[in-house]
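What follows is a short report on a single structure.
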Amino acid sequence: MNELKRKPKKANSLLILLLIVVGVLILPFQVFSSDQKPARIIFYNVENLFDTENDSLTLDEEFLPKGERFWNNRKLQAKLKRIYQTILAAGEGTMPAAIGLCEIENLHVLEMLLSATPLGKLGYKIIHKESPDHRGIDVALLYHSGLFVPLNYQAYAVKNPDDKGFATRDILHVEGVIETDTFHLFVNHWPSKFGGVVETKPLRALAAQKLKQVVDSLFTQSKFNVIIMGDFNDSPIDESLTKHLMARKPTDNVDTKALYNLAYPRTEQGEGTNKYHGKWEMIDQFIVGGRLLHTGIISEESFEIFKPDFLLEKDKNYLGEKPFRTYIGYKYNNGFSDHLPILLDLNLTPSGK
């Protein structure tokens, strides 16, 4: 396939808004060309996509019509539309082969996303497994049935041997084919820093160790294409990623059985996907196996933070801009998410492959 032509790092807002209007008002086949090639993967923390029904097994009470956030169907429908608009715009004229999502309450809200927006008609399907997280939030993968062929999937639980009551999001592992290449996709949402950075540091280490164990089992075999995506709640330079997962900074000397964090250079440049107390943090990342870099399927430039104007708002407390989020505390802000999406482009006809 021809390599996907990259857009400028700062997407043109008028173009993005035009794509959104087109996507909402006309048929899906008119948005994308019929000879679209699978080349793009997206990861997006959508910020608390909950339904409006009470789940007695999880702590979802704040996202109910009478809960602290007064979450209702009107807000839910607006949220679904904004997620669709973001995915459509992040495709930049292409149909992403796969979309990793986190902060999803359940399968029901994913089905609503496909049925309430054109995503279902565009050919997207769902891979999801309920996780034991106390709040009931999960990770999931949407995939385009004409561009990505799933072979199998599995969810790995992250357990704490010192705390039998500990529960967090599973790591979702999906094996599938894009064109003629087989890829192993891992969708992550590691434990947050709520409760203290130092206190929660061992929990993210547990998630890293579990992921490393699974990936290492793949590396014992040859020619495995590994793509790890997620909200890691840690920076690429933190120990969970450098010491426990052993994800390195991209380099010219590539070890085909090592992991490389494509977000690492952006961290050094002060970029990020989430803003906390006026500082950008690079907690959403793509990490790839060295074989993808060695063959040229992926390069350091394949990674991008998607940050058009409509996903940002003025930061009134600090300088610059911040993500245009759904809630600020418990105040409804009618935005998109507190995270920016990240993109990964694949070149499936690299020289020397």
Problem set entry | Sequence-separation-based contact order of region 38-345, relative, with Cα cut under 8 Å and 6+ spacing, percent | 17
Exercise. Do the alpha carbons of any pairs in K307/K331; K279/K316; K125/K210 sit beyond 18 Å of each other, and which pairs?
Worked result: K307/K331; K125/K210
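What ranking of M95, M112, M246, M229 emerges when the number of other C-beta atoms within 10 Å of each C-beta is taken as an exposure proxy, fewest first?
Least to most surrounded, the residues fall as M246, M112, M95, M229.
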For this session: Quick one: grab Rg to one decimal and Dmax as a whole number for region 191-253, Cα atoms only, in Å.
Result: 12.9, 41
Exercise. Where the Cα atoms of region 295-344 are projected onto their three principal axes, how long is each span, largest first, in whole Å?
Worked result: 48, 21, 16
Exercise. Top mean-square fluctuation among D315, D338, D252, Gaussian network model of the chain, C-alpha springs under 10 Å?
Worked result: D252
For this session: Hand me the chymotrypsin sites (Phe, Trp or Tyr not before Pro) from region 152-207 located in a DSSP loop with no more than 11 other Cβ atoms within 10 Å, in residue order please.
Result: F194
Problem set entry | Kirkwood-Stokes translational diffusion coefficient of region 85-146, alpha-carbon pairs, 20 °C, 1.002 mPa s, µm²/s | 177
Exercise. Given 10 Å bins starting at zero, what is the percent of C-alpha pairs of the chain in each, up to the one with the largest pair distance?
Worked result: 5, 26, 37, 25, 7, 0
Exercise. Tell me, in nm to one decimal, what length is gained between K201 and S217 on full extension, where the rule is 0.36 nm per residue of separation less the Cα-Cα distance?
Worked result: 3.3 nm
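Each reported figure results from applying straightforward, stated rules to the coordinates on display, with no laboratory input. Just so we're clear, the structure is a prediction, and the values are computed from it rather than from any experiment. Please note: Cβ atoms are built from the backbone with ideal geometry, for glycine as well, and neighbour counts cover all protein chains shown.
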